[in-house]
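Report on one structure; see the data block that follows.
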Amino acid sequence: MGEDAESPKINHTFLRDYVTEADVISTVEFNQTGDLLATGDKGGRVVIFQRETESKGEAEEAGETGDSGEYNVYSTFQSHEPDFDYLKSLEIEEKINKIRWLPQQNAAHFLLSTNDKTIKLWKVSERDKRPEGYNLKDEEGRLKDISTITSLQVLFSNGHTYHVNSISVNSDGETYLSADDLRINMWHLGITDRSFNIVDIKPANMEDLTEVITAAEFHPHHCHLFVYSSSKGTLRLCDMRASALCDKHTKLFEEPEDPGNRSFFSEIISSVSDVKFSHSGRYLLTRDYLTAKVWDLNMDKGPVETYQVHEYLRSKLCSLYENDCIFDKFECVWNSSDSVIMTGAYNSFFRMFDRETGRGVTLEAWRESSKPRAVLRTRRVYTGGKRRRGDVGVDSLDFTKKILHMAWHPSENIIAIAATNNLYIFQDRVNPDTQTQ
């Protein structure tokens, strides 16, 4: 049957760029070995990727050294479903806010996932890969993937009145914390029906509320220490040995504001969207709207390093406020040696900063980069002076293409970048001592 000349042509470019809200990736996390990578999306799904080990012959054929394999889908499951709070008449989104892996104790893997209200503990294990007596093919005749079983182990509910923004597993391997806008709770992995409140900043009168908790994390080595950040740009280090309720912090980290730079947007852009301890436990890395900062736990007078992520947007804050981009929450991560930090930006750009030299590089996660063995290209945003070929003007930036979520392999130069519904995994395969491709 011939094609109707009058029939409308399908716009394949539109179909390729069309993204349903449920497919947008909302969190990315490597496990402790880096062999597994988990992503959560706004549709409540968790997808786990496993690193396939390349044989020595394949690596040599590709002209590479070392053990470097691709990440392939290992397991996919529905973690959260949309819910409804009948007391408040509010819908509860299924969006996965955070995923955290538990240290591996045996052959099975365990991870925590949370939406705005409910935290779940999942077990991912492998079946015998040589089953007998089963129908091993699906309806289309393809072999079923029956190698992994995902099962819900524990449901931690009714712990939060407000939206959960953080979960962090303690170094003792038995407890974890969860934080919402006004409270931080501590849970034992073996006790599901109750948690212990360790921070409560809710005022007696909500009209007196001046700040909210934006992120919280346990110290990587000392199980009694944790830090939480606020919408006022402050960091509070708390010691659970000093008091059971840590409303009084051990140390307060904040940077005095320059009165000359005060504007209507000052408080909004100073809000800390993410805080991460360094692997050594000596430093804190934070991200606010325009900058990434490194703080020394021994120096609470101000940050020891400040990196301008996209200072050229300062003149655009009014329009960014109008389109709500100014409220975007960018994450930040350390590399394995704490010598390089990474954070996201707009236009599918993300930035890396070398702490020794202070130099930054802008890289782009785009479709051409997803081709096997493609080299990441550096980009530059034109802000004045001599314009180079390939520079992108500030007015040409696409603010719908934002890099909010990312992860760095715990021991190698492998990074995972979430760009809307795409997950990019890049690896420095040339020289293990260099930090960017």
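Roughly speaking, what is the stretch gain from Lys232 to Ala107, that is 0.36 nm per residue apart minus the C-alpha to C-alpha distance, in nm to one decimal?
Here the segment from Lys232 to Ala107 would lengthen by 40.7 nm.
Give the ranking of Lys88, Lys402 by solvent-accessible surface, highest area first, calculated with a 1.4 Å probe.
Numbers: Lys88 90, Lys402 50 Å².
I get Lys88, Lys402, largest accessible area first.
Report the gain in length on full extension from Ser411 to Ala244: 0.36 nm times residue separation, minus Cα-Cα distance, nm rounded to one decimal.
Values: separation 167, 0.36 × 167 = 60.12 nm, distance 3.47 nm.
The span from Ser411 to Ala244 would gain 56.6 nm if fully extended.
Accessible area, 1.4 Å probe, largest first: how do Lys123, Lys202 sort?
Details: Lys123 60, Lys202 85 Å².
If we order Lys123, Lys202 from most to least accessible, we get Lys202, Lys123.
Could you please state how large a percent of the accessible area of the stretch 187-329 is carbon and sulfur, counting protein chains only and using a 1.4 Å probe? Walk me through the numbers before you get to the answer.
Details: 3720 of 7230 Å².
For the stretch 187-329, the apolar C and S fraction of the accessible surface comes to 52 percent.
If the only charges are +1 at each Lys and Arg Cβ and -1 at each Asp and Glu Cβ, what is the size of the charge dipole of the stretch 301-355 around the Cα centre, to the nearest 20 debye?
140 debye
Longer than 18 Å from Cα to Cα, which of Lys232/Lys301; Lys232/Lys316; Lys117/Lys276 are they? Say none if no pair is.
Numbers: Lys232/Lys301 16 Å; Lys232/Lys316 21 Å; Lys117/Lys276 22 Å.
Where the Cα-Cα span goes over 18 Å, the pairs concerned are Lys232/Lys316; Lys117/Lys276.
With contacts defined as alpha carbon pairs under 8 Å and 6 or more residues apart, what's the relative contact order of the stretch 206-312 in percent? If you can, show how the numbers build up before the last one.
On the way: 210 pairs, mean separation 22.7, N = 107.
Once divided by the residue count of the stretch 206-312, the mean separation gives 21 percent.
Which whole-Hz couplings ³J(HN,Hα) result when phi for each residue of the stretch 392-400 is put into the Karplus expression 6.51 cos²θ - 1.76 cosθ + 1.60, θ = phi - 60°, listed in order with x for Gly and Pro?
10, x, 4, 6, 9, 5, 9, 7, 7
Give me the distance in nm between label points sitting 7 Å out from Cα along the Cα-to-Cβ direction at Ser339 and Glu21, one decimal.
4.5 nm
What number comes out for accessible area per residue over the stretch 159-300 if the probe is 1.4 Å? Units Å², please. Numbers along the way, then the final one.
Numbers: 6300 Å² over 142 residues.
That works out to 44 Å² for each residue.
Given labels modelled 7 Å from the Cα in the Cβ direction, how far is it in nm from Leu90 to Ala204?
Result: 2.4 nm between the two label points.
At 1.4 Å probe radius, can you tell me the per residue accessible area of the stretch 320-366 in Å²? Walk me through the numbers before you get to the answer.
Details: 1780 Å² over 47 residues.
Per residue, the stretch 320-366 has 38 Å² of solvent-accessible surface.
Where a ≥ b ≥ c are the square roots of the eigenvalues of the C-alpha gyration tensor, would you call the stretch 171-296 rounded, which needs a/c under 1.5, or, failing that, prolate if a/b is larger than b/c, or oblate?
Values: a/c = 2.22, a/b = 1.42, b/c = 1.56.
Verdict is oblate for the stretch 171-296.
Along each principal axis of its Cα atoms, how long is the stretch 175-239 end to end? Whole angstroms, biggest number first, please.
Sorted largest first, the three principal extents are 37, 27, 16 Å.
Pairs Lys202/Lys251; Lys248/Lys329; Lys95/Lys251; Lys123/Lys202; Lys123/Lys293: which exceed 30 Å Cα-Cα?
On the way: Lys202/Lys251 20 Å; Lys248/Lys329 26 Å; Lys95/Lys251 33 Å; Lys123/Lys202 34 Å; Lys123/Lys293 36 Å.
From the list (Lys202/Lys251; Lys248/Lys329; Lys95/Lys251; Lys123/Lys202; Lys123/Lys293), the Cα-Cα distance tops 30 Å for Lys95/Lys251; Lys123/Lys202; Lys123/Lys293.
Working with all protein chains in place, sort His188, His224 by solvent-accessible area computed with a 1.4 Å probe, largest first.
On the way: His188 70, His224 40 Å².
These residues rank, largest area first, as His188, His224.
Once you place label points 7 Å from the Cα toward the Cβ at Glu322 and Ser157, how far apart are they in nm?
Using points 7 Å along Cα→Cβ, the separation is 4.4 nm.
The values are calculated or read from the model by the stated rules, or taken from the named source; none is laboratory data. Given the structure is predicted, the values throughout are model-derived calculations rather than measurements. All Cβ positions, even for glycine, are placed from backbone atoms using ideal geometry, and neighbour counts span all protein chains on display. Note: accessible area is taken over every heavy atom of the protein model, side chains too, but ligands, DNA and RNA are not part of it. Shrake-Rupley method; radii C 1.70, N 1.55, O 1.52, S 1.80 Å.
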